[in-house]
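Reading through the C-alpha coordinates given below for one structure.
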Amino acid sequence: MRITRPTACLAAALLLTAVLPRHIFAREVKDTLISTSGDRIIVSYSVAQTGGQLTITFNDVQKRLSQTNQREYGTDLSKIVVALFDRTGNYGDTRFDGMAVSAFMVPAGMSYSRSNDGFFLLQDNPVLRLTTTSNDPVELSIPLYLARYKKRGRYEVFSQCGPLVVNSTPSRSAAGGRSGRGGGGAAGSGDVITTEEIVDEGLAPADDALITIANMREKLANATRLPFSEDLVFQANHLRELRSRVSDADIQRQINEVLDAYDQKKAELEEQQTAQQAAATAAQQAEMAAQQAAQQARQDSIQAAQEQKAADDKKDMMWLIGGIAGLGLLVMGGKQIFQTIKNNKMQRMMMDNLNKAQQQMANNINIPGVDPNNPLMRDVNQQLQRNARQTMNKTLTKEGEAAKQRLQALRKGNTNNAAPGSPAQPGQQAQPGQQAQPAQPATPKRPSLNDAIPARYKRWRKPGESNNNNVTI
(Lines give C-alpha, C1' and ligand atoms only; values in the text may rest on other atoms or scores of the structure.)
Protein backbone atom coordinates (compact mmCIF):
# COMPACT_ATOMS: atom_id res chain seq x y z
CA MET A 1 0.00 0.00 0.00
CA ARG A 2 1.26 3.36 -1.02
CA ILE A 3 1.41 5.94 1.74
CA THR A 4 0.57 9.41 0.58
CA ARG A 5 1.91 12.61 2.11
CA PRO A 6 -1.31 13.59 3.88
CA THR A 7 -1.52 10.14 5.40
CA ALA A 8 2.03 10.45 6.72
CA CYS A 9 1.30 13.82 8.31
CA LEU A 10 -1.80 12.43 10.01
CA ALA A 11 0.13 9.48 11.36
CA ALA A 12 2.85 11.75 12.72
CA ALA A 13 0.25 13.92 14.43
CA LEU A 14 -1.37 10.91 16.05
CA LEU A 15 2.00 9.66 17.24
CA LEU A 16 2.92 12.99 18.81
CA THR A 17 -0.47 13.16 20.46
CA ALA A 18 0.07 9.77 22.03
CA VAL A 19 3.62 10.44 23.19
CA LEU A 20 3.46 14.01 24.48
CA PRO A 21 1.55 14.90 27.67
CA ARG A 22 -1.96 16.05 27.24
CA HIS A 23 -1.72 19.12 29.59
CA ILE A 24 1.23 21.45 29.09
CA PHE A 25 0.99 25.05 30.35
CA ALA A 26 3.01 27.58 32.33
CA ARG A 27 2.19 30.96 33.83
CA GLU A 28 3.62 33.53 36.20
CA VAL A 29 1.42 34.96 38.90
CA LYS A 30 1.83 37.98 41.16
CA ASP A 31 -0.45 38.08 44.22
CA THR A 32 -0.84 40.79 46.81
CA LEU A 33 -1.93 39.58 50.26
CA ILE A 34 -2.99 41.66 53.25
CA SER A 35 -2.57 40.20 56.70
CA THR A 36 -4.99 40.43 59.59
CA SER A 37 -2.93 43.25 61.13
CA GLY A 38 -2.68 45.29 57.92
CA ASP A 39 0.68 44.02 56.62
CA ARG A 40 1.11 43.75 52.83
CA ILE A 41 2.90 40.92 51.00
CA ILE A 42 3.47 40.75 47.24
CA VAL A 43 4.32 37.18 46.12
CA SER A 44 5.55 36.37 42.63
CA TYR A 45 5.47 32.69 41.70
CA SER A 46 5.34 30.47 38.62
CA VAL A 47 2.92 27.62 38.08
CA ALA A 48 3.80 24.92 35.54
CA GLN A 49 2.05 21.65 34.81
CA THR A 50 3.60 18.89 32.75
CA GLY A 51 1.57 15.76 32.48
CA GLY A 52 0.54 14.78 35.98
CA GLN A 53 2.99 16.99 37.90
CA LEU A 54 2.23 20.53 39.16
CA THR A 55 5.27 22.63 40.01
CA ILE A 56 4.99 25.89 42.03
CA THR A 57 8.15 28.00 42.11
CA PHE A 58 8.30 31.10 44.35
CA ASN A 59 10.37 33.71 42.54
CA ASP A 60 10.16 36.82 44.71
CA VAL A 61 8.45 38.22 47.80
CA GLN A 62 8.08 41.80 48.96
CA LYS A 63 6.99 42.87 52.43
CA ARG A 64 5.60 46.03 53.95
CA LEU A 65 4.59 46.11 57.62
CA SER A 66 1.74 48.07 59.10
CA GLN A 67 2.40 51.01 61.39
CA THR A 68 1.50 48.95 64.44
CA ASN A 69 3.99 46.19 63.59
CA GLN A 70 6.61 48.75 62.59
CA ARG A 71 6.44 50.22 66.07
CA GLU A 72 6.53 46.73 67.58
CA TYR A 73 9.15 44.98 65.41
CA GLY A 74 11.00 47.88 63.74
CA THR A 75 11.54 48.79 60.10
CA ASP A 76 14.43 46.40 59.40
CA LEU A 77 12.81 43.98 56.93
CA SER A 78 15.93 41.84 56.68
CA LYS A 79 14.83 40.09 59.90
CA ILE A 80 11.23 39.62 58.71
CA VAL A 81 10.54 36.37 56.81
CA VAL A 82 7.49 34.91 55.04
CA ALA A 83 7.03 31.22 55.78
CA LEU A 84 4.68 28.44 54.74
CA PHE A 85 4.32 25.04 56.41
CA ASP A 86 3.59 21.62 54.93
CA ARG A 87 3.34 20.01 58.35
CA THR A 88 3.25 21.06 62.02
CA GLY A 89 5.20 19.79 64.95
CA ASN A 90 8.95 19.23 65.10
CA TYR A 91 11.01 21.52 62.82
CA GLY A 92 14.44 20.19 63.72
CA ASP A 93 16.80 22.84 65.08
CA THR A 94 14.35 25.61 64.15
CA ARG A 95 11.69 26.85 66.54
CA PHE A 96 8.64 29.03 65.85
CA ASP A 97 7.15 30.93 68.81
CA GLY A 98 4.18 33.25 68.98
CA MET A 99 0.91 32.45 67.30
CA ALA A 100 -0.03 28.91 66.25
CA VAL A 101 0.58 27.96 62.62
CA SER A 102 -1.20 25.56 60.28
CA ALA A 103 0.06 23.64 57.24
CA PHE A 104 -1.52 23.81 53.80
CA MET A 105 -3.96 21.00 53.02
CA VAL A 106 -3.49 18.86 49.93
CA PRO A 107 -6.88 18.71 48.18
CA ALA A 108 -8.42 15.60 46.71
CA GLY A 109 -6.99 14.78 43.32
CA MET A 110 -3.43 15.66 44.37
CA SER A 111 -0.64 13.98 46.30
CA TYR A 112 2.36 15.55 48.00
CA SER A 113 5.44 14.27 49.82
CA ARG A 114 6.13 16.16 53.04
CA SER A 115 9.52 17.84 53.44
CA ASN A 116 12.05 17.02 56.12
CA ASP A 117 12.12 20.49 57.65
CA GLY A 118 8.36 20.99 57.60
CA PHE A 119 8.52 24.64 56.49
CA PHE A 120 9.73 26.86 53.64
CA LEU A 121 10.95 30.47 53.64
CA LEU A 122 9.84 32.37 50.54
CA GLN A 123 13.10 34.34 50.55
CA ASP A 124 14.88 31.08 49.65
CA ASN A 125 12.75 30.65 46.47
CA PRO A 126 11.36 27.21 47.40
CA VAL A 127 9.73 24.83 44.90
CA LEU A 128 6.62 22.75 45.63
CA ARG A 129 5.98 19.67 43.47
CA LEU A 130 2.59 18.00 43.59
CA THR A 131 1.24 15.10 41.60
CA THR A 132 -2.25 15.32 40.10
CA THR A 133 -4.29 12.14 40.05
CA SER A 134 -7.31 13.48 38.10
CA ASN A 135 -8.03 15.79 35.21
CA ASP A 136 -10.40 17.97 37.21
CA PRO A 137 -9.22 21.50 38.13
CA VAL A 138 -7.98 21.70 41.72
CA GLU A 139 -7.27 24.71 43.95
CA LEU A 140 -4.47 24.65 46.51
CA SER A 141 -4.80 27.04 49.50
CA ILE A 142 -1.49 27.91 51.14
CA PRO A 143 -1.54 30.00 54.37
CA LEU A 144 1.45 32.33 54.74
CA TYR A 145 2.89 33.71 57.98
CA LEU A 146 5.07 36.68 58.88
CA ALA A 147 7.78 35.94 61.45
CA ARG A 148 10.71 37.83 62.95
CA TYR A 149 14.07 36.15 63.34
CA LYS A 150 15.28 36.39 66.94
CA LYS A 151 18.46 34.32 67.38
CA ARG A 152 19.86 30.81 67.02
CA GLY A 153 17.19 29.45 64.75
CA ARG A 154 14.26 30.94 66.68
CA TYR A 155 11.46 32.85 64.96
CA GLU A 156 8.51 34.74 66.40
CA VAL A 157 5.33 34.45 64.32
CA PHE A 158 3.23 37.62 64.64
CA SER A 159 0.86 37.78 61.63
CA GLN A 160 -1.06 35.53 59.23
CA CYS A 161 -1.69 36.27 55.53
CA GLY A 162 -3.66 34.68 52.77
CA PRO A 163 -4.42 32.02 52.05
CA LEU A 164 -2.60 32.03 48.75
CA VAL A 165 -4.81 30.18 46.25
CA VAL A 166 -3.07 28.31 43.41
CA ASN A 167 -5.09 26.78 40.54
CA SER A 168 -4.03 23.63 38.73
CA THR A 169 -5.49 24.91 35.39
CA PRO A 170 -4.80 28.09 33.38
CA SER A 171 -8.50 29.03 33.31
CA ARG A 172 -9.28 32.74 33.19
CA SER A 173 -12.22 32.21 35.50
CA ALA A 174 -9.92 30.81 38.11
CA ALA A 175 -8.09 34.12 38.41
CA GLY A 176 -11.27 36.08 38.89
CA GLY A 177 -12.63 33.50 41.31
CA ARG A 178 -9.56 33.65 43.48
CA SER A 179 -9.75 37.41 43.69
CA GLY A 180 -13.36 37.30 44.78
CA ARG A 181 -12.83 34.64 47.43
CA GLY A 182 -9.68 36.30 48.78
CA GLY A 183 -11.19 39.76 48.94
CA GLY A 184 -14.41 38.63 50.55
CA GLY A 185 -13.08 35.92 52.85
CA ALA A 186 -13.91 35.40 56.47
CA ALA A 187 -12.67 37.85 59.05
CA GLY A 188 -9.19 37.05 60.26
CA SER A 189 -8.05 35.35 57.05
CA GLY A 190 -6.74 38.51 55.35
CA ASP A 191 -7.31 39.81 51.82
CA VAL A 192 -5.90 38.31 48.61
CA ILE A 193 -5.64 40.41 45.46
CA THR A 194 -4.50 38.35 42.49
CA THR A 195 -2.94 39.55 39.25
CA GLU A 196 -2.08 36.95 36.62
CA GLU A 197 0.01 37.19 33.50
CA ILE A 198 -0.34 34.30 31.05
CA VAL A 199 2.95 33.49 29.45
CA ASP A 200 2.07 31.01 26.75
CA GLU A 201 -0.88 32.81 25.22
CA GLY A 202 -2.22 36.32 24.87
CA LEU A 203 -5.60 38.05 25.07
CA ALA A 204 -7.49 40.27 22.68
CA PRO A 205 -7.82 43.92 23.84
CA ALA A 206 -11.58 43.57 24.20
CA ASP A 207 -11.36 40.43 26.34
CA ASP A 208 -8.54 41.91 28.38
CA ALA A 209 -10.61 45.03 28.91
CA LEU A 210 -13.65 43.07 30.06
CA ILE A 211 -11.60 41.01 32.52
CA THR A 212 -9.91 44.15 33.85
CA ILE A 213 -13.27 45.92 34.18
CA ALA A 214 -14.69 43.02 36.19
CA ASN A 215 -11.66 42.92 38.48
CA MET A 216 -11.67 46.68 39.00
CA ARG A 217 -15.37 46.76 39.87
CA GLU A 218 -14.90 44.06 42.45
CA LYS A 219 -11.82 45.68 43.94
CA LEU A 220 -13.47 49.11 44.01
CA ALA A 221 -16.40 47.61 45.90
CA ASN A 222 -13.99 46.14 48.48
CA ALA A 223 -11.71 49.20 48.71
CA THR A 224 -12.28 51.04 52.01
CA ARG A 225 -9.19 53.20 52.43
CA LEU A 226 -6.36 54.95 50.66
CA PRO A 227 -3.92 54.38 49.16
CA PHE A 228 -5.38 51.88 46.69
CA SER A 229 -3.61 48.58 46.23
CA GLU A 230 -0.85 48.37 43.67
CA ASP A 231 -2.89 45.93 41.59
CA LEU A 232 -5.89 48.29 41.45
CA VAL A 233 -3.69 51.19 40.35
CA PHE A 234 -1.99 48.97 37.79
CA GLN A 235 -5.34 47.81 36.38
CA ALA A 236 -6.63 51.39 36.17
CA ASN A 237 -3.56 52.45 34.20
CA HIS A 238 -3.80 49.34 32.04
CA LEU A 239 -7.47 50.06 31.35
CA ARG A 240 -6.64 53.60 30.25
CA GLU A 241 -4.16 52.10 27.76
CA LEU A 242 -6.76 49.61 26.49
CA ARG A 243 -9.35 52.36 25.95
CA SER A 244 -7.50 53.60 22.88
CA ARG A 245 -7.08 50.06 21.52
CA VAL A 246 -10.70 48.93 21.91
CA SER A 247 -13.08 49.84 19.05
CA ASP A 248 -16.30 48.52 20.57
CA ALA A 249 -18.45 51.44 21.81
CA ASP A 250 -20.09 49.37 24.55
CA ILE A 251 -16.73 48.30 25.97
CA GLN A 252 -15.44 51.89 25.81
CA ARG A 253 -18.55 53.02 27.70
CA GLN A 254 -17.87 50.40 30.39
CA ILE A 255 -14.24 51.46 30.55
CA ASN A 256 -15.27 55.10 31.06
CA GLU A 257 -17.80 54.11 33.73
CA VAL A 258 -15.21 52.06 35.62
CA LEU A 259 -12.60 54.82 35.41
CA ASP A 260 -15.14 57.41 36.55
CA ALA A 261 -16.10 55.13 39.42
CA TYR A 262 -12.42 54.75 40.22
CA ASP A 263 -11.90 58.54 40.32
CA GLN A 264 -15.13 59.07 42.30
CA LYS A 265 -14.18 56.35 44.80
CA LYS A 266 -10.77 57.89 45.18
CA ALA A 267 -12.27 61.36 45.77
CA GLU A 268 -14.74 59.96 48.33
CA LEU A 269 -12.00 58.13 50.18
CA GLU A 270 -9.83 61.25 50.12
CA GLU A 271 -12.68 63.31 51.59
CA GLN A 272 -13.34 60.61 54.15
CA GLN A 273 -9.68 60.39 55.01
CA THR A 274 -9.48 64.18 55.29
CA ALA A 275 -12.53 64.22 57.57
CA GLN A 276 -11.06 61.43 59.65
CA GLN A 277 -7.76 63.25 59.89
CA ALA A 278 -9.57 66.46 60.88
CA ALA A 279 -11.60 64.56 63.47
CA ALA A 280 -8.46 62.85 64.74
CA THR A 281 -6.67 66.20 64.88
CA ALA A 282 -9.59 67.78 66.75
CA ALA A 283 -9.77 64.85 69.13
CA GLN A 284 -6.03 65.03 69.66
CA GLN A 285 -6.21 68.77 70.32
CA ALA A 286 -9.12 68.26 72.70
CA GLU A 287 -7.20 65.53 74.47
CA MET A 288 -4.11 67.74 74.68
CA ALA A 289 -6.24 70.61 76.04
CA ALA A 290 -7.80 68.27 78.59
CA GLN A 291 -4.37 66.99 79.57
CA GLN A 292 -3.05 70.55 79.90
CA ALA A 293 -6.08 71.53 81.98
CA ALA A 294 -5.63 68.47 84.17
CA GLN A 295 -1.92 69.21 84.52
CA GLN A 296 -2.65 72.85 85.40
CA ALA A 297 -5.22 71.72 87.95
CA ARG A 298 -2.67 69.34 89.46
CA GLN A 299 -0.09 72.11 89.60
CA ASP A 300 -2.59 74.48 91.22
CA SER A 301 -3.57 71.87 93.77
CA ILE A 302 0.08 71.13 94.48
CA GLN A 303 0.84 74.85 94.87
CA ALA A 304 -2.16 75.35 97.15
CA ALA A 305 -1.09 72.36 99.23
CA GLN A 306 2.45 73.75 99.46
CA GLU A 307 1.17 77.17 100.52
CA GLN A 308 -1.11 75.58 103.13
CA LYS A 309 1.79 73.51 104.40
CA ALA A 310 4.00 76.60 104.61
CA ALA A 311 1.29 78.46 106.56
CA ASP A 312 0.86 75.50 108.90
CA ASP A 313 4.62 75.26 109.39
CA LYS A 314 4.79 78.99 110.14
CA LYS A 315 1.94 78.66 112.62
CA ASP A 316 3.61 75.68 114.27
CA MET A 317 6.88 77.62 114.48
CA MET A 318 5.14 80.58 116.13
CA TRP A 319 3.51 78.24 118.62
CA LEU A 320 6.89 76.65 119.28
CA ILE A 321 8.58 80.01 119.81
CA GLY A 322 5.74 81.15 122.07
CA GLY A 323 5.92 77.91 124.03
CA ILE A 324 9.68 78.24 124.47
CA ALA A 325 9.32 81.87 125.56
CA GLY A 326 6.53 80.98 127.99
CA LEU A 327 8.57 78.12 129.37
CA GLY A 328 11.53 80.45 129.83
CA LEU A 329 9.35 82.96 131.67
CA LEU A 330 7.98 80.21 133.86
CA VAL A 331 11.50 79.00 134.63
CA MET A 332 12.66 82.51 135.48
CA GLY A 333 9.57 83.17 137.60
CA GLY A 334 9.97 79.87 139.39
CA LYS A 335 13.63 80.56 139.99
CA GLN A 336 12.80 83.98 141.39
CA ILE A 337 10.14 82.48 143.61
CA PHE A 338 12.48 79.78 144.86
CA GLN A 339 15.18 82.41 145.46
CA THR A 340 12.73 84.56 147.43
CA ILE A 341 11.65 81.57 149.48
CA LYS A 342 15.29 80.69 150.10
CA ASN A 343 16.14 84.26 151.15
CA ASN A 344 13.16 84.39 153.49
CA LYS A 345 14.19 81.09 154.95
CA MET A 346 17.74 82.35 155.46
CA GLN A 347 16.44 85.51 157.11
CA ARG A 348 14.25 83.44 159.40
CA MET A 349 17.18 81.24 160.24
CA MET A 350 19.35 84.31 160.98
CA MET A 351 16.68 85.84 163.17
CA ASP A 352 16.20 82.57 164.98
CA ASN A 353 19.94 82.33 165.53
CA LEU A 354 19.99 85.94 166.73
CA ASN A 355 17.12 85.33 169.12
CA LYS A 356 18.79 82.19 170.36
CA ALA A 357 22.08 84.09 170.92
CA GLN A 358 20.25 86.88 172.74
CA GLN A 359 18.37 84.39 174.85
CA GLN A 360 21.58 82.55 175.62
CA MET A 361 23.37 85.77 176.53
CA ALA A 362 20.46 86.79 178.71
CA ASN A 363 20.44 83.42 180.38
CA ASN A 364 24.20 83.59 180.98
CA ILE A 365 23.76 86.67 183.16
CA ASN A 366 23.49 85.27 186.66
CA ILE A 367 24.06 87.75 189.50
CA PRO A 368 23.88 85.99 192.85
CA GLY A 369 21.60 87.70 195.38
CA VAL A 370 19.98 90.02 192.81
CA ASP A 371 16.29 89.75 192.11
CA PRO A 372 15.58 89.36 188.40
CA ASN A 373 12.44 91.51 188.76
CA ASN A 374 14.52 94.42 190.01
CA PRO A 375 14.21 97.46 187.72
CA LEU A 376 17.96 97.65 187.58
CA MET A 377 18.15 94.09 186.28
CA ARG A 378 15.44 94.79 183.68
CA ASP A 379 17.42 97.73 182.39
CA VAL A 380 20.56 95.61 182.39
CA ASN A 381 18.82 92.89 180.38
CA GLN A 382 17.49 95.38 177.88
CA GLN A 383 20.92 96.97 177.46
CA LEU A 384 22.45 93.55 177.05
CA GLN A 385 19.94 92.71 174.32
CA ARG A 386 20.66 95.99 172.49
CA ASN A 387 24.39 95.42 172.70
CA ALA A 388 23.98 91.85 171.45
CA ARG A 389 21.90 93.01 168.47
CA GLN A 390 24.42 95.70 167.57
CA THR A 391 27.29 93.26 167.87
CA MET A 392 25.46 90.66 165.76
CA ASN A 393 24.60 93.27 163.09
CA LYS A 394 28.22 94.38 162.91
CA THR A 395 29.36 90.79 162.63
CA LEU A 396 26.87 90.04 159.85
CA THR A 397 27.86 93.23 158.04
CA LYS A 398 31.55 92.31 158.13
CA GLU A 399 30.84 88.74 157.04
CA GLY A 400 28.70 90.07 154.13
CA GLU A 401 31.52 92.39 153.00
CA ALA A 402 34.03 89.54 153.21
CA ALA A 403 31.69 87.31 151.17
CA LYS A 404 31.34 90.03 148.51
CA GLN A 405 35.15 90.36 148.31
CA ARG A 406 35.54 86.60 147.89
CA LEU A 407 32.82 86.59 145.20
CA GLN A 408 34.59 89.38 143.31
CA ALA A 409 37.89 87.48 143.59
CA LEU A 410 36.24 84.35 142.22
CA ARG A 411 34.82 86.31 139.29
CA LYS A 412 38.28 87.67 138.47
CA GLY A 413 39.79 84.20 138.57
CA ASN A 414 41.66 84.66 141.81
CA THR A 415 39.99 82.66 144.56
CA ASN A 416 42.80 82.29 147.16
CA ASN A 417 45.16 85.26 146.73
CA ALA A 418 44.47 88.94 146.79
CA ALA A 419 44.65 91.06 143.62
CA PRO A 420 48.20 92.12 142.51
CA GLY A 421 49.29 95.43 144.00
CA SER A 422 46.63 95.40 146.72
CA PRO A 423 47.83 96.08 150.30
CA ALA A 424 47.93 93.33 152.87
CA GLN A 425 44.82 92.92 155.01
CA PRO A 426 44.96 93.94 158.63
CA GLY A 427 46.02 91.27 160.94
CA GLN A 428 48.28 89.45 158.44
CA GLN A 429 51.79 90.15 157.22
CA ALA A 430 52.66 89.49 153.58
CA GLN A 431 55.65 87.21 153.30
CA PRO A 432 58.26 87.75 150.57
CA GLY A 433 57.00 86.14 147.35
CA GLN A 434 53.60 85.48 148.92
CA GLN A 435 50.52 87.65 148.74
CA ALA A 436 48.65 88.65 151.90
CA GLN A 437 45.72 86.51 152.97
CA PRO A 438 42.33 88.21 153.55
CA ALA A 439 41.54 89.15 157.16
CA GLN A 440 39.26 86.89 159.12
CA PRO A 441 36.18 88.49 160.67
CA ALA A 442 36.66 89.60 164.30
CA THR A 443 35.13 87.47 167.02
CA PRO A 444 32.44 89.47 168.85
CA LYS A 445 33.46 90.46 172.35
CA ARG A 446 31.27 89.23 175.12
CA PRO A 447 29.68 92.18 176.82
CA SER A 448 30.49 92.69 180.48
CA LEU A 449 28.18 93.68 183.28
CA ASN A 450 29.76 97.13 183.67
CA ASP A 451 29.07 97.84 180.00
CA ALA A 452 25.47 96.84 180.49
CA ILE A 453 24.80 99.07 183.58
CA PRO A 454 23.11 102.32 182.56
CA ALA A 455 25.04 105.53 183.20
CA ARG A 456 22.44 106.95 185.60
CA TYR A 457 23.21 104.17 188.01
CA LYS A 458 26.94 104.61 187.64
CA ARG A 459 26.66 108.19 188.91
CA TRP A 460 25.32 107.02 192.24
CA ARG A 461 28.36 104.85 193.06
CA LYS A 462 31.94 105.54 193.34
CA PRO A 463 34.57 103.36 191.89
CA GLY A 464 35.53 100.62 194.28
CA GLU A 465 32.29 100.83 196.18
CA SER A 466 29.95 97.99 196.50
CA ASN A 467 26.23 97.95 197.06
CA ASN A 468 24.32 96.01 199.52
CA ASN A 469 24.11 93.12 197.19
CA ASN A 470 27.98 92.96 196.99
CA VAL A 471 27.97 93.75 193.33
CA THR A 472 31.26 95.22 192.18
CA ILE A 473 30.87 97.94 189.58
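The values are calculated or read from the model by the stated rules, or taken from the named source; none is laboratory data. This is a predicted model, so every value here is computed, not measured. FYI the Cβ positions are ideal-geometry reconstructions off the backbone, even for glycines, and counts take in every protein chain you see. Keep in mind that these areas ignore ligands, DNA and RNA; they rest on the heavy atoms of the full protein, side chains included. Shrake-Rupley method; radii C 1.70, N 1.55, O 1.52, S 1.80 Å.
Restricted to the stretch 154-172, and to residues there that are of a type outside the set (A, V, I, L, M) and within 18 Å of Gln62 (Cα to Cα), the residue that is modelled with the lowest pLDDT is Gly162.
Conditions (1) over 21 Å from Gly38 (Cα atoms); (2) modelled with pLDDT under 90; (3) under 53 Å from the mean Cα position of the chain (by Cα), marked per residue:
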residue: Asp93; (1), (2), (3): yes, yes, yes
residue: Gly109; (1), (2), (3): yes, yes, no
residue: Ser115; (1), (2), (3): yes, yes, yes
residue: Phe120; (1), (2), (3): yes, no, yes
residue: Gln123; (1), (2), (3): no, yes, yes
residue: Pro126; (1), (2), (3): yes, no, yes
residue: Leu130; (1), (2), (3): yes, yes, no
residue: Tyr145; (1), (2), (3): no, no, yes
residue: Arg152; (1), (2), (3): yes, yes, yes
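Looking only at the stretch 85-93, decide whether some residue is open to solvent by 30 Å² or more (accessible area, probe 1.4 Å) and outside any loop (DSSP other than H, G, I, E, B). Looking through the stretch 85-93, none of the residues is open to solvent by 30 Å² or more (accessible area, probe 1.4 Å) and outside any loop (DSSP other than H, G, I, E, B). Of all residues in the stretch 232-247, those that are open to solvent by 50 Å² or more (accessible area, probe 1.4 Å) have Cβ atoms under 6 Å from Cβ atoms of residues that are at pLDDT 85 or above, 6 or more apart or on another chain, in Arg243/Ile255. Here the stretch 94-120 is the region considered, the condition is being out of contact with any Asp or Glu (no Cβ under 7 Å at 6 or more places or on another chain) and part of a strand (DSSP E or B), and the residue that is surrounded by the most Cβ atoms within 10 Å (Cβ to Cβ) is Phe119. Listed by first and then second residue, the pairs with beta-carbon distance under 6 Å, at least 6 apart or on different chains, first residue in the stretch 156-167 and within 21 Å of Gly98 (Cα to Cα) and open to solvent by less than 10 Å² (accessible area, probe 1.4 Å), second in a strand (DSSP E or B) and β-branched (Val, Ile, Thr), are Cys161/Ile41. Of the set (1) modelled with pLDDT under 90; (2) open to solvent by 90 Å² or more (accessible area, probe 1.4 Å), all apply to Ile337 but (1).
Taking the condition within 43 Å of the chain's Cα centre (by Cα), open to solvent by less than 50 Å² (accessible area, probe 1.4 Å) and farther than 16 Å from Arg154 by Cβ, does Ser134 pass? Steps first, please.
Numbers: within 43 Å of the chain's Cα centre (by Cα): no; open to solvent by less than 50 Å² (accessible area, probe 1.4 Å): yes; farther than 16 Å from Arg154 by Cβ: yes.
So Ser134 does not fit the description; no.
Checked against (1) assigned to a strand (DSSP E or B); (2) out of contact with any Lys or Arg (no Cβ under 9 Å at 6 or more places or on another chain), Gln123 meets all criteria but (1). Residue pairs whose Cβ atoms lie under 9 Å apart, sitting 6 or more positions apart in sequence or on different chains, and linking a residue in the stretch 107-119 that is within 27 Å of Asn135 (Cβ to Cβ) to a partner that is of a type in the set (S, T, N, Q) and not in a loop (DSSP other than H, G, I, E, B), are Pro107/Ser141; Gly109/Thr132; Met110/Thr131; Met110/Thr132; Ser111/Thr131; Ser111/Thr132; Tyr112/Thr131; Ser113/Thr131.
Confirm whether Arg253 is in contact (Cβ under 8 Å) with a residue 12 or more places away in the chain and of a type outside the set (Ser, Thr, Tyr). I'd like the intermediate steps shown before the answer.
Numbers: in contact (Cβ under 8 Å) with a residue 12 or more places away in the chain: no; of a type outside the set (Ser, Thr, Tyr): yes.
No, not satisfied.
The combined condition, being of a type in the set (Phe, Trp, Tyr) and under 34 Å from the mean Cα position of the chain (by Cα), is not fulfilled by Tyr45.
Of all residues in the stretch 199-231, which are open to solvent by less than 60 Å² (accessible area, probe 1.4 Å) and in a loop (DSSP other than H, G, I, E, B)?
Start the filter on the stretch 199-231 by keeping residues that are open to solvent by less than 60 Å² (accessible area, probe 1.4 Å), which leaves 204-206, 208-209, 212-216, 219-220, 223, 226, 228-229, 231.
Passing the criteria: Ala204, Ala223, Leu226, Phe228, Ser229.
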